[in-house]
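S.K.: One structure, pasted below without further comment.
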There are 2 protein chains.
Amino acid sequence: MPILCVIGDGQLARMMQTAAIELGQSVRVLASSLDASAAQVAADVVLGDYTNLDELRAVTAGSTAVTFDHEHVPNEHLETLIAEGINVQPRPEALINAQDKLVMRTRLKELGAPVPPFAAIESIEDAEKFWNAVEGRVCLKARRGGYDGKGVWFPVSFDELKDLTQELLANGTPLMAEEKVNLVRELSAMVSRRPSGEVKAWPVVESIQKDGICWFAIAPAPGLKEELRAEAERVAIKTAEVLGVTGNLAVELFETPEGIFVNELAMRPHNTGHWTQNGCVTDQFEQHVRAVLDMPLGSTETLQEWTVMANVLGAPEDPEMPMPERMVEVWKRFPDAKIHFYGKGHRPGRKIGHVNMTGAGDVEELRRNGELAAHFLVHAEWKDQ
Amino acid sequence: MPILCVIGDGQLARMMQTAAIELGQSVRVLASSLDASAAQVAADVVLGDYTNLDELRAVTAGSTAVTFDHEHVPNEHLETLIAEGINVQPRPEALINAQDKLVMRTRLKELGAPVPPFAAIESIEDAEKFWNAVEGRVCLKARRGGYDGKGVWFPVSFDELKDLTQELLANGTPLMAEEKVNLVRELSAMVSRRPSGEVKAWPVVESIQKDGICWFAIAPAPGLKEELRAEAERVAIKTAEVLGVTGNLAVELFETPEGIFVNELAMRPHNTGHWTQNGCVTDQFEQHVRAVLDMPLGSTETLQEWTVMANVLGAPEDPEMPMPERMVEVWKRFPDAKIHFYGKGHRPGRKIGHVNMTGAGDVEELRRNGELAAHFLVHAEWKDQ
């Protein structure tokens, strides 16, 4: 059986692993510590640093394919591995678009995908020019490394933009800016593509953020106009094809009165795809494994009318009630709640698990139930009582 | 999080593990070798012998609960562990009914469950008496240790029964006999029960055997009369309650023109429950984990009209085409096939994996497709071409 090497030790690697076990695959994980989320539960763990070429060489040797649970492996190392015969999926020329927001925006604009007006910000002059061009509706972004609301700023005055730009450029943070959109809500269009070309799309979902962190995903996005749904799916498929993405691609989108705009790309399993574990014939972890091994993709059909995913986000304090008892209380109230935990300790805002709720009928009730369950798992209290 | 200790290293332990990982639980496996099915993929493996009390003490120390993927741990060791404060689920007084067919038959008869006429066979005289009582319709069984068609004999003459009885008793094989039933087909009624009493039943399935080994499970059992379905479910629930089973209970049943009769009991995840992985809100592995940890049980509702499970049984020869390519071919033809492999090498008749197919409409077509897929995975050829 193939050895699939996963660079990264978080919950995405952990869930890729459980999916791969069921397929009989062997998974080797490059982890930073033995108590990392994926390392806790994997049989074949190599400790090492994903920025160190020799350690990457050691862990990838003999693997059928190499994939990732994050986008932070230096592309020059990946180029070297590929030159040495290692099968890296996705390829660095695709990955760069998930690493550098300016590269991504430029590329997406070229391929005709809807992106807000944007510009590279390499000086105060660039900032001023863009501020004027969009009449102060500026979203400033670090080109690399931002996630969960980090690396994004909304200056309310040009002075603030100037100060931010000065400070960040001085720190060595490459910047870009884009026009703030009239956000109605966020959407996510996910697809998976395999090297020989097959692409499959999951339904477009609504994603609800809290302090910049994904809080809920609702599948499919309630009330989404068919033309927007079709465009979101088309953009995701085209992006995967044109950029040569392999494995999963999540296209995070803004829905606005003016239509949809691409926000971010991720080339791996993604938080907005966790709902597929209980909502689809083929979940995103199995699909990613199949895709990077260039195996035919599975059906992405849904199993029920609605699936809601609620993230379990760590709170400032861990209550006294032990977690297993909290699970008991949640299952007593919601016997259908599908709880997924990552083996991670408490920390405010940290994603430590998620709850999937699947059903038909009133999707808002399902979302509320997901919220109640996820909240109880962190706070040991019912938010509605 | 609780440490769940699983005694046994086969595919049932392996699949309990993947279910437990998703729930954030820690699983510790007692395995006979590092390349055993469950040991291959578990992070916490203890090598040892499940018949050795000291090794059982070592692996179970500090666990929240101890459970099994087989029924072969000596009950006196389990009694000792319990006396020493270890939480063993299920308990030996329940397990004995899955270990000794005579004890099971006697107990089931007491509780009013439908069993064929039976008798202990401790001498040639017992055999003769039973032969006459059932007019030669004798099924002779080893009281312990039989599985997959082993330990069961159908003597066609009294002489054959006499010889068998003599030989087996001389070998030290405790025996029982029961009346051969007019088998229409085999059914399986599965439930899960937790120590505090909650019981949940999955739909009753049809199980199709080949040379005494489970070949297909079809869920729910097609065309099963409602009165038989209800009786099968009632028998399984009552058996779980009266015997104090914890975790899963599979009641294998004979359907006959005279009604249903209990054939075997298993107190663990069971082959006829593998379909639940893709066919139910809560699969048997997650449910078993929840049950033995005394957590509320999940919904056993089905996700589609039909689910067919086809076992992948090893053939005398392993074809040249590598297994990953066989998977590719199967998925090309059946993109919805859910393949589960156990990491086991080829051996004739050995269960090395299973395929679940879920759908609506023509169940016989679904069964045929499951058969084609499972056959291809072993023989690298389409049975219908």
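The values are calculated or read from the model by the stated rules, or taken from the named source; none is laboratory data. This one's a predicted model, so the numbers in the text were calculated from it and none came from an experiment. Quick reminder, even Gly has a Cβ in these numbers, built from the backbone with ideal geometry, and neighbours come from all protein chains shown.
S.K.: Residues that are in contact with a Phe, Trp or Tyr (Cβ under 7 Å, 6 or more places away or on another chain), charged (D, E, K, R), surrounded by 20 or more Cβ atoms within 10 Å (Cβ to Cβ) and not assigned by TED's automatic domain parsing to the domain that holds A:His274: does the range A:68-87 have at least one?
M.R.: no
S.K.: Take the residues of the range A:323-348 that are surrounded by fewer than 16 Cβ atoms within 10 Å (Cβ to Cβ) and in a loop (DSSP other than H, G, I, E, B): which is nearest to the other protein chains (Cβ to nearest Cβ)?
M.R.: Ranking the qualifying residues of the range A:323-348, first place goes to A:Gly345.
S.K.: Also, quick follow-up: Considering only residues that are at the interface with another protein chain (Cβ under 8 Å from one of its Cβ atoms) and part of a loop (DSSP other than H, G, I, E, B), look in the range B:9-24 and name the one that is nearest to B:Thr272 (Cα to Cα).
M.R.: B:Leu23
S.K.: Quickly run through the range A:275-286 and pick out the residues that are away from chain B (no Cβ under 11 Å) and either under 13 Å from the mean Cα position of the chain (by Cα) or closer than 11 Å to A:Val191 by Cα (or both).
M.R.: A:Trp275, A:Gln284
S.K.: Also: Condition first: of a type in the set (Gly, Ala, Ser) and over 19 Å from B:Pro92 (Cβ atoms). Now tell me which residues in the range B:265-305 satisfy that.
M.R.: Of everything in the range B:265-305, those that are of a type in the set (Gly, Ala, Ser) and over 19 Å from B:Pro92 (Cβ atoms) turn out to be B:Gly273, B:Gly279, B:Gly298, B:Ser299.
S.K.: Let me ask another. Name the single residue that is surrounded by the fewest Cβ atoms within 10 Å (Cβ to Cβ) among those in the range A:32-57 being touching a strand residue (DSSP E or B) at 6+ places or on another chain (Cβ under 6 Å) and within 11 Å of chain B (Cβ to nearest Cβ).
M.R.: So the residue we want is A:Asp44.
S.K.: Okay, next question. For the range A:350-364, check the following and say yes or no: at least one residue is out of contact with any Ser or Thr (no Cβ under 9 Å at 6 or more places or on another chain), assigned to a helix (DSSP H, G or I) and not hydroxyl-bearing (Ser, Thr, Tyr).
M.R.: yes
S.K.: Now for a different question. Considering every residue within the range A:276-298, establish whether at least one is of a type in the set (S, T, N, Q), surrounded by fewer than 20 Cβ atoms within 10 Å (Cβ to Cβ), within 25 Å of B:Glu305 (Cα to Cα) and assigned by TED's automatic domain parsing to the domain that holds A:Thr246. Please lay out each step first, then the result.
M.R.: First, the residues of the range A:276-298 that are of a type in the set (S, T, N, Q): A:276-278, A:282, A:284, A:287.
Of the ones still in play, those that are also surrounded by fewer than 20 Cβ atoms within 10 Å (Cβ to Cβ) are none.
Taking every residue of the range A:276-298 in turn, none turns out to be of a type in the set (S, T, N, Q), surrounded by fewer than 20 Cβ atoms within 10 Å (Cβ to Cβ), within 25 Å of B:Glu305 (Cα to Cα) and assigned by TED's automatic domain parsing to the domain that holds A:Thr246.
S.K.: Output the number of the condition that B:Pro116 fails; it satisfies all remaining conditions of (1) outside any helix (DSSP H, G or I); (2) free of Cβ contacts under 8 Å to residues at least 60 places away in the same chain.
M.R.: With (1) outside any helix (DSSP H, G or I); (2) free of Cβ contacts under 8 Å to residues at least 60 places away in the same chain applied to B:Pro116, the lone miss is (2).
S.K.: Between B:Asp294, B:Asp318, which is within 12 Å of another protein chain (Cβ to nearest Cβ), in contact (Cβ under 8 Å) with a residue 24 or more places away in the chain and assigned to a loop (DSSP other than H, G, I, E, B)?
M.R.: Exactly one residue qualifies, and that residue is B:Asp294.
S.K.: Which numbered condition in (1) touching a Gly at 6+ places or on another chain (Cβ under 9 Å); (2) outside any loop (DSSP other than H, G, I, E, B) is the only one that A:Pro195 fails?
M.R.: Checking A:Pro195 against (1) touching a Gly at 6+ places or on another chain (Cβ under 9 Å); (2) outside any loop (DSSP other than H, G, I, E, B), the one that fails is (2).
S.K.: Only one of B:His274, B:His288, B:His270 is closer than 28 Å to B:Pro222 by Cβ and in contact with a His (Cβ under 7 Å, 6 or more places away or on another chain); which?
M.R.: Only one candidate passes the filter, namely B:His274.
S.K.: Which one of B:Glu178, B:Glu135 is farther than 30 Å from B:Ile352 by Cα, part of a strand (DSSP E or B), among the acidic types (Asp, Glu) and over 20 Å from the mean Cα position of the chain (by Cα)?
M.R.: The conditions single out B:Glu178.
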